[in-house]
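Peer 1: Sharing a structure below in structure tokens format, with a few things to ask.
No lab work stands behind these numbers, since they all come straight from the coordinates. Since the structure is predicted, the reported quantities are computational estimates derived from the model, not experimental observations. Every residue, glycine as well, gets a Cβ built from its backbone with ideal geometry; the counts of neighbours run over all protein chains shown.
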Amino acid sequence: MSCMMPVSESVHRPPQLLLAPMQGLVDDVMRTILTEIGGFDGCVTEFVRITHTIHGRQTWLKYMPEIKNQNKTPSGTPVAIQLLGSDADNMVQNALYAVNLGINHIDLNFGCPAPTVNQHQGGAILLREPKRIEHIVSTIRQHLPAHIFLSAKMRLGYEHKDLALDCARAIENGGAQQLTVHARTKIEGYQPPAHWEWIRRIREIVALPLVANGDVFSLDDYQRIRQISQCDDVMLGRGAVMMPDLARQIAAFNRHECIEVMPWSEVVLWLEKFLLLCSNKNAASKYPSARLKQWLAMLKQHYPEAEVLFNLLRTLTTITDIQYTLQKYIATL
Ligand SMILES: Cc1cc2nc3c(=O)[nH]c(=O)nc-3n(C[C@H](O)[C@H](O)[C@H](O)COP(=O)(O)O)c2cc1C
């Protein structure tokens, strides 16, 4: 394990570590588990798509049940809700509805690469039009009560990076209070490498707090993204799901402590809790087994043992069968 001292730290506050929004992967159950394991200072919901309607209470609570817990996960980590859309006025109406329910942090998505979303002028397609981004951010900022925190998340562009700096400036001029940059264009998808040096270029031209994101899969990656981007704050996405204690390790590193990586025997206990929470949420559908298998498929990339367990559970569909097999497996460890 690498345990060098942290790179330059802000004198004002410790570096922040955020859990990325990941549609279909990081829902409230995954947020509960990962923030309980520890290390995160905040997280963001999956995007709520804003089209022509104003979503009702049920929808907001579906995306963010943490509203009922003062916008925090059960272990106390703050949660922001993410909106995706391009109709500024309708986004305002939806944001105000969410604020009335108690939400205190709204994040705006300017990075989603999904074709359906882009065809409807949402997500990464907006990176072609910095002026439109500024209009969306400033309209929402002007209508939100002053105490509501407004942040945004962007990629470096749609097909090229020529407008990356303009888009970041637009987000700052619009009045956002924080910007997360996933260091790739839409066209680059998730192909490595992430261009961390571009976050540094953005760092040089905007003053708002910047969060660096993309391809942090280890403590070494964390140190490098901070060094190259010159950002103290970092957002972890897939790495946090593949390695559930990655944030805990990073937080320990930032406290100048060295901790052991989570052994597989502990990971399985979190898997058991995850399954339980999924079945409490929706026992009747395929949701618990699908979610468990999805997580195992990602864990395989870091823990070879996950493949063995995945194969044991692969054909099972009922929660009872899966729970029984999982418990029998845990007893053998
Ligand atoms: C399955 C999946 C779903 C995602 N959903 C969202 C989303 O809802 N909103 C968003 O801003 N970014 C979303 N992203 C992008 C991530 O937040 C993050 O920017 C990206 O995965 C790069 O970080 P990473 O390399 O640490 O995973 C998603 C990524 C993945 C892999």
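Peer 1: On C-alpha positions alone, give me the angle between the axis of helix 164-174 and the longest principal axis of the chain, in degrees, nearest 10.
Peer 2: Tilt relative to the chain: about 80 degrees.
Peer 1: How large is the charge dipole for the stretch 92-232, taken about the Cα centre, if only the Cβ atoms of Lys, Arg (+1) and Asp, Glu (-1) carry charge, to the nearest 20 debye?
Peer 2: In debye, rounded to 20, the stretch 92-232 gives about 180.
Peer 1: Still on this structure, please answer the following. About the Cα centre of the stretch 196-263, how large is the charge dipole given +1 on each Lys and Arg Cβ and -1 on each Asp and Glu Cβ? Please answer in debye to the nearest 20.
Peer 2: 180
Peer 1: On average over all directions, what projected area in square nanometres does the chain have, based on the convex hull of its Cα atoms?
Peer 2: So the mean shadow area of the Cα hull is 16.5 nm².
Peer 1: Identify which of 21, 304, 74 has the largest mean-square fluctuation in a Gaussian network model of the chain, with springs joining Cα atoms closer than 10 Å.
Peer 2: 304
Peer 1: Once Lys and Arg get +1 and Asp and Glu get -1 on their Cβ, which of 292, 168, 265 lies farthest toward the positive end of the dipole of the chain?
Peer 2: The residue sitting farthest along the positive end of the dipole is 292.
Peer 1: Any chance you could give the angle, 0 to 90 degrees and rounded to 10, that helix 319-332 forms with the longest Cα principal axis of the chain?
Peer 2: Taking the Cα atoms of the chain, the angle to 319-332 is about 70 degrees.
Peer 1: Hey, another quick one. What list do you get for 318, 185, 32 if you sort them by fewest beta carbons within 10 Å?
Peer 2: Sorted ascending by nearby Cβ count, the order is 318, 32, 185.
Peer 1: Identify which of 155, 141, 224 has the largest mean-square fluctuation in a Gaussian network model of the chain, with springs joining Cα atoms closer than 10 Å.
Peer 2: Result for the chain, Cα springs under 10 Å: 224 fluctuates most.
Peer 1: Taking the chain as a Gaussian network, where each spring joins two C-alpha atoms under 10 Å apart, which residue of 121, 58, 82 fluctuates the most?
Peer 2: 58
Peer 1: Taking the Cα centre of the stretch 1-134 as origin, sum charge times position over the Cβ atoms of Lys and Arg (+1) and Asp and Glu (-1), and report the length of that vector in debye to the nearest 20. If you can, show how the numbers build up before the last one.
Peer 2: Numbers: 10 positive and 12 negative charges, 34 e Å.
The dipole magnitude comes to about 160 debye.
Peer 1: Once the dipole of the stretch 171-292 is set up with Lys and Arg at +1 and Asp and Glu at -1 on Cβ about the Cα centre, which of 227, 212, 276 lies farthest towards its positive end?
Peer 2: 276
Peer 1: At a threshold of 8 angstrom on Cα-Cα distance, excluding pairs fewer than six apart, so keeping six or more, what relative contact order does the chain reach in percent?
Peer 2: About 16 percent, as a whole number.
Peer 1: Could you please report the charge total around residue 322, scoring K, R as +1 and D, E as -1 over all other residues with beta-carbon less than 12 angstrom from its beta-carbon?
Peer 2: Net local charge, residue 322 excluded: +3.
Peer 1: Note the full-extension length gain between residue 330 and residue 220 as 0.36 nm times their separation in residues minus their Cα-Cα distance, in nm to one decimal. Present the calculation step by step, with values, prior to reporting the outcome.
Peer 2: Details: separation 110, 0.36 × 110 = 39.60 nm, distance 3.10 nm.
The span from residue 330 to residue 220 would gain 36.5 nm if fully extended.
Peer 1: Among all lysine pairs in the chain that are eight or more places apart or on different chains, how many have alpha carbons less than 24 angstrom apart?
Peer 2: Here the count comes out as 28.
Peer 1: Still on this structure, I have one more. Give me the angle, in degrees from 0 to 90, between the Cα long axis of helix 130-143 and the longest principal axis of the Cα atoms of the chain, rounded to the nearest 10.
Peer 2: Taking the Cα atoms of the chain, the angle to 130-143 is about 80 degrees.
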